[in-house]
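Participant: Could you have a look at this structure, given as structure tokens, before my questions?
The values are calculated or read from the model by the stated rules, or taken from the named source; none is laboratory data. These numbers were taken from a predicted model, which means no experiment stands behind them. Backbone-built Cβ (ideal geometry, glycine too); neighbour counts: all protein chains shown. Note: accessible area is taken over every heavy atom of the protein model, side chains too, but ligands, DNA and RNA are not part of it. Shrake-Rupley method; radii C 1.70, N 1.55, O 1.52, S 1.80 Å.
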Amino acid sequence: MVGSVTKPENSAVEPVADSAPASVAAPLGGSSSAAPNLIALAKVGRPYGLTGALHWYPYSKDAQTLLKARDVMIGTTMYAVTRSRRHGESIVAEIVGVTSPEAAARLTNKEIFVDKSYFAALPEGEYYWIDLIGLTCTNGERVFGEIAEIFESGAHPILRVKRPATDPTPGDELIPFVDAIVRSVDIAARRVDVDWEGIE
């Protein structure tokens, strides 16, 4: 069994199904090797109460990573989180430096990024979908292209593979991420090998 892909804000057993596609933040200044690996997990909603607390609306129903994060990037600014808790479909959070509804309102609709180091470790053979984005998809020596997106089709996740610019075949390749097709995933080698003929 090759395994399964897991959304960033989910338990290891559920499939990919974010309500909005998460993305990787641009590195903060300095060396890229030292920059945090920031993943978009939510958006800021309206202020909560009179103390500067914020509504956060996660892209996933499972928000454990957001709840345990002690620092987040909102827009392009890093904030320390002093308190966070569930509140219906949202999370109510308090962050250092935001102490009034007016200050909180200035962050409304900004995206919230969390360092990937907060993500729970997955069992062997399971992968966070963000780890597969950008990997090369191959069938042996044949190169289909780069994995640009993973989306849920209902029965299973689908890899959307962007063809190389030199490939004359129109459109992207859509490949089901299932055991019968995916032969191997090698994160270190940045390669996903599939048993898939594709469009000729």
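Participant: Regarding the stretch 90-112, can at least one residue be identified that is closer than 17 Å to Ala42 by Cβ, open to solvent by 80 Å² or more (accessible area, probe 1.4 Å) and modelled with pLDDT under 95?
Facilitator: Taking every residue of the stretch 90-112 in turn, none turns out to be closer than 17 Å to Ala42 by Cβ, open to solvent by 80 Å² or more (accessible area, probe 1.4 Å) and modelled with pLDDT under 95.
Participant: How about the stretch 92-106: which of its residues are in a strand (DSSP E or B) and more than 19 Å from Leu38 (Cα to Cα)? Steps first, please.
Facilitator: Of the residues in the stretch 92-106, the ones in a strand (DSSP E or B) are 92-95.
If the condition is that a residue be in a strand (DSSP E or B) and more than 19 Å from Leu38 (Cα to Cα), then Val92, Glu94 are the ones that fit.
Participant: Okay, next question. So, Thr51, is that one without any contact (Cβ under 8 Å) to a residue 40 or more places away in the chain, out of contact with any Cys (no Cβ under 8 Å at 6 or more places or on another chain) and among the hydroxyl-bearing types (Ser, Thr, Tyr) or not?
Facilitator: Numbers: without any contact (Cβ under 8 Å) to a residue 40 or more places away in the chain: no; out of contact with any Cys (no Cβ under 8 Å at 6 or more places or on another chain): yes; among the hydroxyl-bearing types (Ser, Thr, Tyr): yes.
No: the conditions fail for Thr51.
Participant: Are any of the residues in the stretch 134-145 more than 16 Å from Ile181 (Cα to Cα) and in contact (Cβ under 8 Å) with a residue 60 or more places away in the chain?
Facilitator: No, that holds for no residue.
Participant: Another question, if that's okay. Conditions first: (1) farther than 23 Å from Val72 by Cα; (2) in contact with a helix residue (DSSP H, G or I) (Cβ under 8 Å, 6 or more places away or on another chain); (3) open to solvent by 40 Å² or more (accessible area, probe 1.4 Å). Ala120 passes all but one, so which condition is the exception?
Facilitator: (1)
Participant: Here is a further query. Output yes when any residue across the stretch 130-141 is within 22 Å of Asn37 (Cα to Cα), in contact with a Pro (Cβ under 9 Å, 6 or more places away or on another chain) and surrounded by 16 or more Cβ atoms within 10 Å (Cβ to Cβ), and no when none is. It would help to see each step written out before you state the result.
Facilitator: As a first pass, look at the stretch 130-141 and keep what is within 22 Å of Asn37 (Cα to Cα): 130-136.
Next cut, in contact with a Pro (Cβ under 9 Å, 6 or more places away or on another chain) only: 130.
Imposing the further condition that a residue be surrounded by 16 or more Cβ atoms within 10 Å (Cβ to Cβ) reduces the set to 130.
Among the residues of the stretch 130-141, at least one is within 22 Å of Asn37 (Cα to Cα), in contact with a Pro (Cβ under 9 Å, 6 or more places away or on another chain) and surrounded by 16 or more Cβ atoms within 10 Å (Cβ to Cβ), which makes the answer yes.
Participant: Taking only the stretch 49-86 into account, find how many residues are open to solvent by 70 Å² or more (accessible area, probe 1.4 Å) and either of a type outside the set (D, E, K, R) or in contact with a His (Cβ under 7 Å, 6 or more places away or on another chain) (or both). Talk me through it step by step, then tell me what you get.
Facilitator: Looking only at the stretch 49-86, we keep the residues that are open to solvent by 70 Å² or more (accessible area, probe 1.4 Å), and these are 50-51, 57, 61, 64, 68, 70, 76, 78, 82-83, 85-86.
Subsequent filtering for residues that are either of a type outside the set (D, E, K, R) or in contact with a His (Cβ under 7 Å, 6 or more places away or on another chain) (or both) retains 50-51, 57, 64, 76, 78, 82.
So the answer is 7.
Participant: Of Arg183, Arg160, which residue is surrounded by 14 or more Cβ atoms within 10 Å (Cβ to Cβ), over 21 Å from the mean Cα position of the chain (by Cα) and among the charged types (D, E, K, R)? Steps first, please.
Facilitator: Working: Arg160 fails: over 21 Å from the mean Cα position of the chain (by Cα).
Sole residue among the options that is surrounded by 14 or more Cβ atoms within 10 Å (Cβ to Cβ), over 21 Å from the mean Cα position of the chain (by Cα) and among the charged types (D, E, K, R): Arg183.
Participant: All but one of (1) touching a Gly at 6+ places or on another chain (Cβ under 7 Å); (2) under 30 Å from Val44 (Cα atoms) hold for Phe144; which doesn't?
Facilitator: (2)
Participant: Okay, moving on. Could you identify the single residue in Ile175, Ile130 that is of a type in the set (A, V, I, L, M, F, W, C) and part of a strand (DSSP E or B)?
Facilitator: On the way: Ile130 fails: part of a strand (DSSP E or B).
That would be Ile175, the only listed residue that is of a type in the set (A, V, I, L, M, F, W, C) and part of a strand (DSSP E or B).
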